[in-house]
Amino acid sequence: MWYVNFKKTRCKSCYACARVCPVNAIKFKNEQAQILKDRCIVCNECSKACPQKNSILKSEVSKIKFFLKNKNKVAVSIAPSFVSIFGENSHKIPTALKKLGFTYVEETVIATNPVLEQYNHYADLDDGENYFTSFCPTINNLIEKHFPQFTKNLIPVVSPFLCHTRLMKSKYHTDTKVVFIGPCLAKKDEGSTDVSVDAVITFAELQKWFKKENINLDELEEGEFDVICKDRLLFPIVGQTTRVINDKNPVKKVITVEGIKDCIDILHALEEGRFTNTIFEMSACIHSCLNGSGLDNHKTTYQEREINVRNYRQKCKIKYKDFDDKYPYEDYLDKTPLGKIFTPKKVELKVPNDDELYSILKSMGKTTLKDELNCGGCGYKTCRDHAIAIYNSISEINMCSPYMRQKAENIANLIFESSPFLIGLVDKEMNILEFNSNAKQFFDIKDDDYIGYPMFMYVDDAAFYDCLNNYKNIYNNIVPIEDMNKTLSQDIFWLHDEEIFMWMAYDITEKIENKKHADQVKQDTMELAQTVINKQMTVVQEIGRLLGETTAETKVILSRVKNLINEDNSSDNLRNP
């Protein structure tokens, strides 16, 4: 993996990393941040800016533990800025490192002078050229990858870090593993291509390792490094290289530049030919190595860290005042190469033609020059730079904040205006903020003078107070509009974060009238039905009475006929013998 990357599961597409990356080395694909290795200068600004603390740093602690477990001899070069972090416990660091298992422990600053000699040589060249110190690997990356025309101006010598590791390999033999511990994440990149370096970790990683091994510096005795150094101990403080070179009264001007933005500004100025015969001591980090990208320094200020460095130096001057000043690596300098070749590494982006560029800009809602706000919210200086990045598939349209805001507003306005409901926004003082078209049409509002009017001028606001005071939304509340002879059904929502009401209503007057008419029809029908029923009952009763009388008469007649027949039969019997 690259020296820093992002966890896929935690990226929230906030684009904070893209906005702070000084070289646009963040790619977004499917709303997931990815680092473009070809463009990355390993400044670690993206990790610092990530609100999710989503970055993953490549660690070689396990690799070093493997060396120690296999009984390899392991030498350590520790950058002088360690003092800024460990403060009063700095003299205990040799003891702590030996406790971890390291064989040799030295300070990187011991290798500063051979590099400074090369800087002094270039400072005395009266050739009109500008040159850059090569201390800072992030600046070296910046020039090689983004200002390749200036690679020839990087002083072709290794940094004190690589100078020291190469000298250690010479001194302790090539089978000894050499580890660098420093304040800078970019040192991992610098050391990865040099055969003298077997592993690189940061001070933050070292602190975690101490904690995991239960090494408490407060409980340890002070120790000494295997090579004593009492010179150049202030080198972590910004401007020290400039001071040392200027002490030699060089031909060239020597200027200190700190912070990636100022460094980039200087490079642009050099493109325009605004400097000549100058050496630039450039540090990507403001306050240089005392504010390095690999420091866990959020608990201390820069001023406190600088005091730690100065106090350590003062203590060393006293402690080692009688120490032999002979350079400990004098015998190894001649057989240790210290030169370095810097090469252009810029990867050019494809450039769209005018039609392609216009098409991309149009897709972001930018059809005129005034639409190109160049706000920088996407991380690019101009909208056209962003469009070129989109063309190269290293950015997305969604990264344009004005476009996304306008898109969201358009969708909201579309919903607001196309809804069949009457919709209004009302502040907590019950004053109207806005009505949609349907609401304005319903209340016969012709202009925007209604804004700021009390809501009760249009609708009884009792339900609004009920919603606010009882912490509940109101649903299907029937409210008459008496002066209009209308009736509304309203819903009222209190938006707590915005402290406004959202009012939604629809006209139910016609429904109510229809219901009244339907109810009247039902009532009339029921009354008519009851009348018919009553009449039918009367008819039935009359028919029953008439049927009863007729039946009685029939019975009398039939009885008479029956009697007559019976009498006739009796007479016949009397006549027969």
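Please determine whether any residue of the range 259-266 is open to solvent by 60 Å² or more (accessible area, probe 1.4 Å), free of Cβ contacts under 8 Å to residues at least 12 places away in the same chain and either touching a helix residue (DSSP H, G or I) at 6+ places or on another chain (Cβ under 9 Å) or not in a loop (DSSP other than H, G, I, E, B) (or both).
yes
I'm trying to understand the selection: among the residues of the range 292-338, which are closer than 28 Å to TYR131 by Cβ and either over 44 Å from the mean Cα position of the chain (by Cα) or free of Cβ contacts under 8 Å to residues at least 24 places away in the same chain (or both)?
TYR302, TYR327, TYR329, GLU330, TYR332, LEU333, ASP334, LYS335, THR336, PRO337
Filter the range 133-172 down to the residues that are in contact with a Pro (Cβ under 9 Å, 6 or more places away or on another chain), among the charged types (D, E, K, R) and more than 17 Å from PRO344 (Cα to Cα) and list them by number.
ARG166, LYS171
Quick check on my filter: what residues within the range 327-347 are open to solvent by 100 Å² or more (accessible area, probe 1.4 Å) and β-branched (Val, Ile, Thr)?
Scanning the range 327-347 gives a single hit, ILE341.
Quick one: in the range 156-201, which of the residues that are open to solvent by 10 Å² or more (accessible area, probe 1.4 Å) and of a type in the set (S, T, N, Q) is nearest to ALA111 (Cα to Cα)?
Out of the qualifying residues, it is SER170.
Quick check on this structure: which one of LYS37, LYS63, LYS69 is open to solvent by 60 Å² or more (accessible area, probe 1.4 Å), out of contact with any Ser or Thr (no Cβ under 9 Å at 6 or more places or on another chain), at pLDDT 90 or above and more than 22 Å from PHE161 (Cβ to Cβ)?
LYS69
Can you name the residue in the range 47-60 that is open to solvent by less than 20 Å² (accessible area, probe 1.4 Å) and in contact with a Phe, Trp or Tyr (Cβ under 8 Å, 6 or more places away or on another chain) and, of all such residues, is farthest from VAL4 (Cα to Cα)?
Filtering first and then ranking leaves CYS50.
Would you check if there is a residue in the range 143-153 being surrounded by 24 or more Cβ atoms within 10 Å (Cβ to Cβ) and not charged (D, E, K, R)?
The answer is yes; a qualifying residue exists.
Can you report the number of residues in the range 473-483 which are exposed (fewer than 12 other Cβ atoms within 10 Å of the Cβ) and either out of contact with any strand residue (DSSP E or B) (no Cβ under 9 Å at 6 or more places or on another chain) or more than 16 Å from LEU422 (Cα to Cα) (or both)?
2
Select from the range 305-326 the residues that are assigned to a loop (DSSP other than H, G, I, E, B) and open to solvent by less than 40 Å² (accessible area, probe 1.4 Å) and list them in ascending order.
Hit for the range 305-326 is TYR320, nothing else.
Among the numbered criteria (1) part of a strand (DSSP E or B); (2) open to solvent by 80 Å² or more (accessible area, probe 1.4 Å); (3) charged (D, E, K, R), which one does LYS522 miss?
It is condition (1) that LYS522 fails.
Out of (1) open to solvent by 10 Å² or more (accessible area, probe 1.4 Å); (2) part of a helix (DSSP H, G or I); (3) within 23 Å of TYR172 (Cβ to Cβ); (4) touching a residue at least 24 places away in the same chain (Cβ under 8 Å), what's the single condition that is false for ALA96?
It is condition (1) that ALA96 fails.
Can you pull out every residue in the range 356-374 that is open to solvent by 50 Å² or more (accessible area, probe 1.4 Å) and farther than 17 Å from LYS407 by Cβ?
Listed by number, the residues that qualify are GLU356, TYR358, SER359, THR368, LEU369, LYS370, ASN374.
The values are calculated or read from the model by the stated rules, or taken from the named source; none is laboratory data. Note that the structure is a prediction, hence the values are computed from the model and not measured. Virtual Cβ from ideal backbone geometry, glycine too; neighbours counted across all protein chains shown. These accessible areas exclude ligands, DNA and RNA; they are computed on the full protein's heavy atoms, side chains included. Shrake-Rupley method; radii C 1.70, N 1.55, O 1.52, S 1.80 Å.
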